[in-house]
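Asks: Please find one structure pasted underneath; my questions will follow.
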Amino acid sequence: MPDYGAILSRSLDLIKKNRWLFVWGMILAAFASGGSYSQSGNYTNPSSFESLPEGIPEDLPEKTSLVLGTYTTAVVEWFHSVSPFIWVLLFFVVVGAVLFGWLVKLIITSWAKGGLIFGFEKGMKNEEATLRNTSPVGIKSIKSLIIFSIIMFFIFIGLFLFIPGVWFLIYLVFSQIKVLATLWVVVGMLGGIILVFGSLIVLSMVTIYAERLIVLKDMAPWEAWKKALAISKGSFLPTLVMGIINMVIGFGLGCISIVIALVILGIPGYFLVFPSITAKTWPSPIIWVSIVILVLVFILVSVLVKAFIIMFKYANWNQMFEYALKKTERTQNE
Amino acid sequence: MNKNTKLASGLLRFLSALVDIMVWLFIFLLVLLLISTSFEFNDLLDSLLLGLIVMIVLTTFGAPIINSYIISKFGGSFGKLLTGTRIVKDDDGTYLDFKMAFLRNHIGYAVSSLMLGLGFIWLFVDEKRQTWHDMMVSSLVVVRSRRAYLIGILSVLLLIILNVFVANKVYSNIMANQELYTGIFKDIKSELEMLKEDELPVPDESLELKEIGVLH
């Protein structure tokens, strides 16, 4: 098993000595979705519960249609008068814009991943990693990383169609015998959940190693996928432990940073807004500007902390990749 | 790059960015002008629909493609060309290709905007006057014509005058069509008020509780 303590302290050292890599970290913090850590929470707005109507008129539907009737009629008539070609054009323009936006996001995150992975590799060889010398490798890796993301997307879709599909087919077979059907529901559900989680873990490992094979070893996406699967199988337990460590540290750091930010920024924010709330007046422009500044600072701090956590994980995974690759090659040579 | 190459200053780059902003603002105001010339409700809806399609196409595809093309062909955006500056590769001084121009201007700018535009401000501390988006694609912004900044200043002034003129025209059209907009707004408002007046009264809970002797 690798020395996890040494990996973690080396990662901190790499981040300290290669501060330019923060740019890549911030890009991934700002544009990449998901991961084991997310700082944004879903807040329910308490005021939405205060405005429930006390009584609903019985003739509301008729009244509503009268209010909307004048303009909905005019809009509906206009809608029918417009050529269908224009609506089709609008549809394709909107879909095109959404797809373009998604592609730009893929490009920017792939570029950043490539730059960050290569940057830490340079750092591990005691070479200086800057935006200038890591960006070209990031650009070179964009296409392969995007193709790899598409491969993984289809594998995930296939998995989430295949497993429930098989479950359902077996259920159909057993459905004639009630006892078997009930047994299958329980056993099949449990087995399915374990299979899904297990697959997700393996695929996450494959993603981590394949990205590094693409960026550092210049492998083609599908070749990288196959080799990454072999590496994941050979180093399953050490990789799982590293993943758990990353998750725990990321979650812990994230929670602590939110609490600190809320205390440092939330308390002044509360004292700025509280007098206006008690006096039931609109806050003055200066208060508004101060609140906006506090919110901006909170967002910036959140992005910086998230960037640090991402960089820390990437540095850990780069070292883990080095260990796992050597282990796989040793096994193959034996 | 030879030693005689003059790097563009922050002020010159800001001037070229201002020209670019004025050019795109002018296009946006033209779309608004189209919408503001509608005197009928149906015409207004037609103009809004057309304006929406034009704006989506321009902002999503038009601007990035046109901008990247002229940077790769001529060495700069409208603003850079008018201020006599060019975007060139760091190593050999040639223009960027289409792909690198796109990455620099439409992805690199987003990166430089992180941390409240720190990437843009970085040019003031970098020895090669490179912003983050310049570093990412290994580009430099150089001065090709030393007097051209005067053309840049003149362009900004002309574009400001043009934009103010078009904006004024949009405003006058809206004021001339005030009857249409206020008519629509008043009709919707009066129907909503009618709806509110016709609401059924809600029984007072405390009265009910007093009647049955629960409350005194």
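FYI, it's all coordinate maths here, none of it is from the lab. Computed from a prediction, not measured in an experiment: that's the story for all the values here. Cβ sites come from the backbone with ideal geometry, for glycine too, and all protein chains shown count toward neighbours.
Asks: What's the FRET efficiency of A:Trp222 with B:Val125 using the Cβ-Cβ distance as r and R₀ = 45 Å, to the nearest 0.05?
Replies: In this case the efficiency is close to 0.55.
Asks: Oh, and also: Would you mind checking A:Lys306/B:Lys99; A:Lys217/A:Lys306; B:Lys6/B:Lys80; A:Lys16/A:Lys217; A:Lys227/A:Lys306; A:Lys122/A:Lys313 for any pair whose Cα atoms are more than 18 angstrom apart?
Replies: A:Lys306/B:Lys99; A:Lys217/A:Lys306; A:Lys16/A:Lys217; A:Lys227/A:Lys306
Asks: Could you state the angle between the C-alpha long axis of helix A:236-261 and the longest principal axis of the C-alpha atoms of chain A, as a value from 0 to 90 degrees rounded to the nearest 10?
Replies: 40 degrees
Asks: Stick to the Cα atoms of segment A:105-171, pair each with every other, and give me the Kirkwood hydrodynamic radius in Å at one decimal.
Replies: Mean inverse Cα-Cα distance, inverted, gives 13.9 Å.
Asks: Now for a separate question. Where does each of A:253-264, A:204-215, A:108-119 land if you order them by average Cβ count within 10 Å, highest first?
Replies: A:108-119, A:204-215, A:253-264
Asks: Only four residue types carry charge here, +1 at the Cβ of Lys and Arg and -1 at the Cβ of Asp and Glu. Report the dipole size of chain B about the Cα centre in Debye, rounded to the nearest 20.
Replies: That gives chain B a dipole magnitude of about 2480 debye.
Asks: Straight-line reach from A:Lys280: which lysines have a Cα under 29 Å away, not including same-chain ones fewer than 8 places off?
Replies: Leaving aside lysines fewer than 8 places away in the same chain, those within reach of A:Lys280 are B:Lys189, B:Lys196.
Asks: A:Lys233 to A:Ile286: FRET efficiency via 1/(1 + (r/R0)^6), r the Cβ-Cβ distance, R0 45 Å, to the nearest 0.05?
Replies: 0.15
Asks: A further question on this structure: If you place +1 on the Cβ of every Lys and Arg and -1 on the Cβ of every Asp and Glu, how big does the dipole about the Cα centre of the protein assembly as shown come out, in debye to the nearest 20?
Replies: 3720 debye
Asks: To continue, here is another question. Are there trypsin sites (Lys or Arg not before Pro) in segment A:236-334 that DSSP marks as loop and that have at most 13 other Cβ atoms within 10 Å, and which are they?
Replies: A:Lys280
Asks: Against the globular-protein guess of 2.2 N^0.38 Å, express the Cα radius of gyration of segment B:1-55 as a ratio, rounded to two decimals.
Replies: Normalised Cα radius of gyration, segment B:1-55: 1.92.
Asks: With viscosity set to 1.306 mPa s at 10 °C, what whole-number translational diffusion coefficient in µm²/s follows for segment A:189-293 from Stokes-Einstein and a Kirkwood radius over Cα pairs?
Replies: Rounded, D is 88 µm²/s.
Asks: Across segment A:2-11, in residue order, what do the Karplus-derived ³J(HN,Hα) couplings come to in whole Hz, using 6.51 cos²θ - 1.76 cosθ + 1.60 with θ = phi - 60° and x for Gly and Pro?
Replies: Along segment A:2-11, the couplings run x, 7, 5, x, 5, 4, 5, 6, 5, 4 Hz.
Asks: Kirkwood hydrodynamic radius for the protein assembly as shown: how many Å is it when counted over pairs of different Cα atoms?
Replies: Result for the protein assembly as shown stands at 29.2 Å.
Asks: Quick one: the Cα spread of segment B:58-152 along its three principal axes, in angstroms, biggest first?
Replies: So the three principal-axis extents are 34, 34, 26 Å.
Asks: Provide, in order from the shortest bin, the percent of all Cα-Cα pairs of chain B in each 5 Å bin, continuing until the bin that contains the maximum pair distance.
Replies: Histogramming chain B at 5 Å steps yields 1, 6, 10, 13, 13, 10, 8, 7, 6, 5, 4, 4, 3, 3, 2, 2, 1, 1, 0, 0 percent.
Asks: Between 0 and 90 degrees, rounded to the nearest ten: what's the tilt of helix A:221-234 against the longest Cα principal axis of chain A?
Replies: 70 degrees
Asks: Does anyone have the angle between helix B:10-36 and the longest principal axis of chain B? Alpha-carbon axes, 0 to 90°, nearest 10?
Replies: So the helix axis and the longest Cα principal axis differ by about 40 degrees.
Asks: Same structure again: What does the structure give for B:136-143 when I average, per residue, the other chain Cβ atoms found within 10 Å of the residue Cβ?
Replies: Going residue by residue through B:136-143 and averaging, the value is 3.
Asks: Counting Lys +1, Arg +1, Asp -1, Glu -1, what net charge surrounds B:Asp46 among other residues with beta carbon under 13 Å of its beta carbon?
Replies: Residues close to B:Asp46 contribute a combined charge of -3.
Asks: So if I restrict to the alpha-carbon atoms in segment A:130-265, what is the Rg, and what is Dmax, the biggest pairwise distance, in Å?
Replies: Gyration radius and largest Cα-Cα distance of segment A:130-265: 20.6, 67 Å.
Asks: Sort B:Ser172, B:Ser139 so that the residue with the fewest other Cβ atoms within 10 Å of its own Cβ comes first and the one with the most comes last.
Replies: B:Ser172, B:Ser139
Asks: Roughly how crowded by other chains is peptide B:106-119, in terms of the mean Cβ count from those chains within 10 Å of each of its Cβ atoms?
Replies: Other-chain Cβ atoms within 10 Å of each residue's Cβ, averaged: 4.
Asks: Sketch the reach of a paramagnetic label on A:Val196 as a point 7 Å from Cα along Cα-to-Cβ, and name the residues of segment A:144-165 whose backbone nitrogen lies under 20 Å away.
Replies: Once the point is set 7 Å along Cα→Cβ of A:Val196, A:152-165 turn out to lie under 20 Å by backbone N, inside segment A:144-165.
Asks: Sticking with this structure for a sec: Loop sites only, by DSSP: take the trypsin sites (Lys or Arg not before Pro) in chain B that have at most 16 other C-beta atoms within 10 Å and name the longest stretch containing none of them.
Replies: B:4-127
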